[in-house]
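Colleague: Here you go, one structure.
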Amino acid sequence: MHTSPLKRWLVGLTLFIVLLFSAYLWVKPLLSIGGGYAAKHACSCHFLQGRALEEISEHDLNFSVLGRYSLERFGDTVRASLPGLMERRAVHLPGRGCVLINDPKLSLPPADGKPATAREPQAFRLAPNDTGQVTTFTPDLSAALDFGMQAVPGGGARGLVILKDGQLAGERYAPGCDHNSRLLGWSMTKTLTGLAVGAYLYRNSATHTAPADAAKQNTGLFPTYWTDARSDIALADLLRMNSGLAWNEGYGSITDATVMLHERPDFADFALRSQLTATPGREWNYSSGTTNILMEYLRGEIGDNAGLYAFVDSLFRPVAPSLLIEPDQSGRPVGSSYGWATTRDWARLGQLMLQEGIWQGDTLVPAEWIEFMREPAAGSEGIYGAQLWLPGPDTPSIPADAFMMRGFQDQRVFILPSHGLVIARLGHSDDKVTDFDGLIQRILVAYE
């Protein structure tokens, strides 16, 4: 049977359109996640750091397809778009940072928080005529700072601060940044969530039970969600990433982590619906969802988001006055990922842990809780505790008693109790490319 050229052309065109549409449906979720990342990150950098959208696109959204999104500001809103394909929006809430709009039908959280300021606490105040940067170092310490600030794939450090015996010993900043610049800690925020849980248990124990014991004994946490074997999950299991809940923490595709952060309005609700795949307390599975469940635990105990923010602010502001933890669309602070503070304040938070929870004579977090956080989690091969990291094979030069906060794109705060050192590095780079072992070696040499 003869088929005319026109008919063959129409059939081919139809197949091409069907294939093109199918490809779009397949790639649309990835485009949405990428657009969500671009809108949220650009909004935060623009409003919290005062940077131009064009510069943010060039230096922060310089990987994957993120740099292809067009960025525009409309009042308090930043829009990231691929014309004709995808548009995502994030809104600045004064005093609380930016929130990504994952459900346009829901209202925004209230912008009722008081803006964090970058005041210098008395214990670390510099001389009135100081430029805000330490400029006199020993040759060895200067070499260590030079090493820590060198370019790496994807960028480099934007702030590097060293505290020695509780005093500001050295710091260095990239062009455009200084000691007042808030920088994103990403998953270093998880450690703050862990500290907040311990502080809450310490302040609110009706039976005077030690906080670590209370965390181990506390089960049946979410009866509305967990009516099955998940009711056996203890608070300590969540803290140690030993919940047994299914979770994929990958960042480069459609995973639990990327869907939660860029597609769902209520992060904890999404994570709480994860199913049990292992016996609680036995297997280790790193999960941002788990940390947001911990924030929901605190919200439930305290009563509402306003009370939760008030508690978190009262705990950390004496140490880190610039600290700000942005919310999800439900209004709950995103304890897994969205903590911003100056490099000095990130270092001070490390100093708080080095001082076993005591700050200017007040016990903010009990020493016993810091010790609990440093106990290795089951299945972690000794490199993870309770919402903080322990020495691993990537830092063989670090002292055995060290521990650390870690975040995406090589955010780190190292705490070295035996040397009285805290080292904070904040920046933007390809993840896991910074030579932290080389940096630690050079800093230790400077203090030999």
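The values are calculated or read from the model by the stated rules, or taken from the named source; none is laboratory data. What you see is a predicted model, and the numbers here were worked out from it, not measured in a lab. Glycine gets a Cβ as well: all are built from the backbone with ideal geometry, and neighbour counts include every protein chain shown. For the accessible areas, the whole protein counts, side chains as well, though only heavy atoms, and no ligand, DNA or RNA atoms are used. Shrake-Rupley method; radii C 1.70, N 1.55, O 1.52, S 1.80 Å.
Colleague: Tell me the residue from Arg68, Arg73 that is free of Cβ contacts under 8 Å to residues at least 40 places away in the same chain and either small (Gly, Ala, Ser) or over 21 Å from Val259 (Cα atoms) (or both), please.
Modeller: Going through Arg68, Arg73 in turn, the sole match is Arg73.
Colleague: Another question about this same structure. For Leu298, state whether it is among the aliphatic types (A, V, I, L, M), surrounded by fewer than 24 Cβ atoms within 10 Å (Cβ to Cβ) and not in a loop (DSSP other than H, G, I, E, B).
Modeller: yes
Colleague: Return the residue satisfying two criteria in turn: it lies in the range 345-368 and is more than 21 Å from Pro399 (Cα to Cα) and surrounded by 23 or more Cβ atoms within 10 Å (Cβ to Cβ), and of such residues it is farthest from the chain's Cα centre (by Cα).
Modeller: So, considering only residues that are more than 21 Å from Pro399 (Cα to Cα) and surrounded by 23 or more Cβ atoms within 10 Å (Cβ to Cβ), the one farthest from the chain's Cα centre (by Cα) is Val365.
Colleague: When you check Ser380 against the structure, is it at pLDDT below 95 and farther than 30 Å from Asn180 by Cα, yes or no?
Modeller: Values: at pLDDT below 95: no; farther than 30 Å from Asn180 by Cα: yes.
Considered against the rule, which asks whether it is at pLDDT below 95 and farther than 30 Å from Asn180 by Cα, Ser380 comes out as no.
Colleague: Which count do you get for residues in the range 384-398 that are more than 20 Å from Leu421 (Cα to Cα) and open to solvent by 10 Å² or more (accessible area, probe 1.4 Å)?
Modeller: 1
Colleague: Can you tell me how many residues in the range 236-268 are open to solvent by 40 Å² or more (accessible area, probe 1.4 Å), under 25 Å from Ala196 (Cα atoms) and assigned to a helix (DSSP H, G or I)?
Modeller: Final tally of qualifying residues: 1.
Colleague: Select from the range 78-113 the residues that are assigned to a loop (DSSP other than H, G, I, E, B) and acidic (Asp, Glu) and write down the one among them that is most open to solvent (accessible area, probe 1.4 Å).
Modeller: The qualifying residue most open to solvent (accessible area, probe 1.4 Å) is Asp112.
Colleague: Has the range 206-225 got any residue that is within 19 Å of the chain's Cα centre (by Cα), on the phi < 0 side of the Ramachandran plot and outside any helix (DSSP H, G or I)?
Modeller: no
Colleague: Follow-up question, since we're still on this one. Condition test on Asn204, is it open to solvent by 30 Å² or more (accessible area, probe 1.4 Å), of a type in the set (S, T, N, Q) and in contact with a helix residue (DSSP H, G or I) (Cβ under 8 Å, 6 or more places away or on another chain)?
Modeller: yes
Colleague: For the range 423-448: of the residues being within 11 Å of Ala144 (Cβ to Cβ) and touching a strand residue (DSSP E or B) at 6+ places or on another chain (Cβ under 9 Å), which is most open to solvent (accessible area, probe 1.4 Å)?
Modeller: Our first condition is that a residue be within 11 Å of Ala144 (Cβ to Cβ); within the range 423-448, this holds for 423, 438-447.
Next, from what is left, pick out any that are touching a strand residue (DSSP E or B) at 6+ places or on another chain (Cβ under 9 Å): 423, 439-440, 443-444, 446-447.
Numbers: Ile423: 2, Leu439: 6, Ile440: 2, Ile443: 1, Leu444: 31, Ala446: 23, Tyr447: 79 Å².
Among residues in the range 423-448 that are within 11 Å of Ala144 (Cβ to Cβ) and touching a strand residue (DSSP E or B) at 6+ places or on another chain (Cβ under 9 Å), the one most open to solvent (accessible area, probe 1.4 Å) is Tyr447.
Colleague: Yes or no: the range 381-396 includes at least one residue that is without any contact (Cβ under 8 Å) to a residue 12 or more places away in the chain and touching a Leu at 6+ places or on another chain (Cβ under 7 Å).
Modeller: So far as the range 381-396 goes, yes, one or more of its residues are without any contact (Cβ under 8 Å) to a residue 12 or more places away in the chain and touching a Leu at 6+ places or on another chain (Cβ under 7 Å).
Colleague: Just need a number here: residues in the range 154-200 that are farther than 14 Å from Ala347 by Cβ, open to solvent by less than 20 Å² (accessible area, probe 1.4 Å) and outside any loop (DSSP other than H, G, I, E, B).
Modeller: Selection size over the range 154-200: 11.
Table: residues versus (1) over 18 Å from Ser429 (Cα atoms); (2) touching a residue at least 60 places away in the same chain (Cβ under 8 Å).
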{"site": "Ile56", "(1), (2)": "no, no"}
{"site": "Ala90", "(1), (2)": "yes, no"}
{"site": "Ile101", "(1), (2)": "yes, yes"}
{"site": "Leu106", "(1), (2)": "yes, yes"}
